[in-house]
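Written below as structure tokens is the structure these notes are about.
The values are calculated or read from the model by the stated rules, or taken from the named source; none is laboratory data. Just so you know, these numbers come straight off a predicted model, no measurement behind them. Cβ placement follows ideal geometry from the backbone for every residue including glycine, while neighbour counts extend to all protein chains displayed. Please note that ligands, DNA and RNA were not included when accessible areas were found on the heavy atoms of the full protein model with its side chains. Shrake-Rupley method; radii C 1.70, N 1.55, O 1.52, S 1.80 Å.
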Amino acid sequence: MLESRDLGGKCADLNALCVGIARAAGLPARDVYGIRVARSELGYRSLGTSSENVTKAQHCRAEVYISRCGWVPVDPADVRKVVLEEPPANRMLHDDMVKKVRVELFGSWEMNWMAYNFAHDAVLPGSTRAPLGFVMFPQAETSQGRIDCLNPDYFKYEITSRENRAAGQIGRRLVHW
């Protein structure tokens, strides 16, 4: 990405670049794979869900390890998502909303997201195929091979999420480290 100067891409691309730069600077860093499970309490339409169907809400984030603080979240991909998707879209980097989200999402993230792994080169149980580079989407394999998890014509699934009101109010969904 740096050599081509093409800094676009999806969350896994952008956060992998962030992890690589942090590691090159001598900081431990990792990708964290998960899924958005609720609306954005900060009011960003693009950073939350709009219904109980969260099938396409998978998201990768990055963390950098800072001694005396522990694992600190950073999410350049969500900042880019605000730039590209928050109305009226294609915001400039000096836009007030972009400046605000850059501050909000460096060292914190909204708790409308659930992490489920840090794995790389993951081997599926019982698989005879090569390891997966990372696991962010459901995976399936038949005797003919691995099914393309990004092809909705051949691999269909649905993920839903809803608040468990019996557990009580969680409160503000932004946690700072």
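Can you pull out every residue in the range 5-20 that is buried (at least 16 other Cβ atoms within 10 Å of the Cβ) and not polar (S, T, N, Q)?
Cys11, Ala12, Leu14, Ala16, Leu17, Cys18, Val19
Table: residues versus (1) touching a residue at least 40 places away in the same chain (Cβ under 8 Å); (2) closer than 21 Å to Glu163 by Cβ; (3) basic (Lys, Arg).
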position	(1), (2), (3)
Ala22	yes, no, no
Pro28	no, no, no
Tyr44	yes, yes, no
Cys60	yes, no, no
Ser67	no, no, no
Val83	no, no, no
Arg102	no, no, yes
Phe106	no, no, no
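Consider Arg30 carefully, then state whether it is touching a helix residue (DSSP H, G or I) at 6+ places or on another chain (Cβ under 8 Å), more than 21 Å from Glu86 (Cβ to Cβ) and surrounded by fewer than 20 Cβ atoms within 10 Å (Cβ to Cβ).
On the way: touching a helix residue (DSSP H, G or I) at 6+ places or on another chain (Cβ under 8 Å): yes; more than 21 Å from Glu86 (Cβ to Cβ): yes; surrounded by fewer than 20 Cβ atoms within 10 Å (Cβ to Cβ): yes.
Yes: the conditions hold for Arg30.
Kindly indicate the residue of the range 35-62 that is open to solvent by 20 Å² or more (accessible area, probe 1.4 Å), touching a strand residue (DSSP E or B) at 6+ places or on another chain (Cβ under 9 Å) and of a type in the set (D, E, K, R) and also farthest from Asn151 (Cα to Cα) among those meeting that condition.
The selected residue is Glu41.
Tell me, please, whether a residue that is closer than 21 Å to Cys60 by Cα, outside any loop (DSSP other than H, G, I, E, B) and among the acidic types (Asp, Glu) can be found in the range 114-128. Please lay out each step first, then the result.
Taking the range 114-128 and keeping what is closer than 21 Å to Cys60 by Cα, we get 114-124.
So of that shortlist, the ones also outside any loop (DSSP other than H, G, I, E, B) come out as 114-117, 120-122.
Pick out the ones that are also among the acidic types (Asp, Glu) and you get 121.
There is at least one residue in the range 114-128 that is closer than 21 Å to Cys60 by Cα, outside any loop (DSSP other than H, G, I, E, B) and among the acidic types (Asp, Glu).
I need the full set of residues from the range 94-140 which are among the charged types (D, E, K, R) and either closer than 30 Å to Asn151 by Cα or touching a Gly at 6+ places or on another chain (Cβ under 7 Å) (or both), in order please.
Taking the range 94-140 first, the residues among the charged types (D, E, K, R) are 95-96, 99-100, 102, 104, 110, 121, 129.
Passing the criteria: Glu110, Asp121, Arg129.
So which pairs qualify, if the first residue must be in the range 110-137 and within 28 Å of Val79 (Cβ to Cβ) and at pLDDT below 90, the second must be surrounded by fewer than 15 Cβ atoms within 10 Å (Cβ to Cβ) and β-branched (Val, Ile, Thr), the Cβ gap must be under 9 Å, and the two must be at least 6 apart or on different chains?
Qualifying pairs under 9 Å: Glu110/Val175; Met111/Ile170; Met111/Val175.
Which of the residues spanning the range 141-151 are loosely packed, with under 13 Cβ neighbours inside 10 Å and in contact (Cβ under 8 Å) with a residue 12 or more places away in the chain?
Scanning the range 141-151 gives Gly145, Leu150.
Going through the range 63-105 one residue at a time, which ones are open to solvent by 90 Å² or more (accessible area, probe 1.4 Å) and on the phi > 0 side of the Ramachandran plot?
Arg68, Asn90, listed by residue number.
Restricting attention to the range 37-91, report how many residues are at pLDDT 90 or above, within 14 Å of the chain's Cα centre (by Cα) and in a strand (DSSP E or B).
Looking only at that region, the number is 7.
I need a count of the residues in the range 129-140 that are open to solvent by 30 Å² or more (accessible area, probe 1.4 Å) and not in a loop (DSSP other than H, G, I, E, B).
2
Would it be correct to say that Cys18 is in contact with a helix residue (DSSP H, G or I) (Cβ under 7 Å, 6 or more places away or on another chain) and over 23 Å from Asn151 (Cβ atoms)?
On the way: in contact with a helix residue (DSSP H, G or I) (Cβ under 7 Å, 6 or more places away or on another chain): yes; over 23 Å from Asn151 (Cβ atoms): yes.
Spelling it out, Cys18 is indeed in contact with a helix residue (DSSP H, G or I) (Cβ under 7 Å, 6 or more places away or on another chain) and over 23 Å from Asn151 (Cβ atoms).
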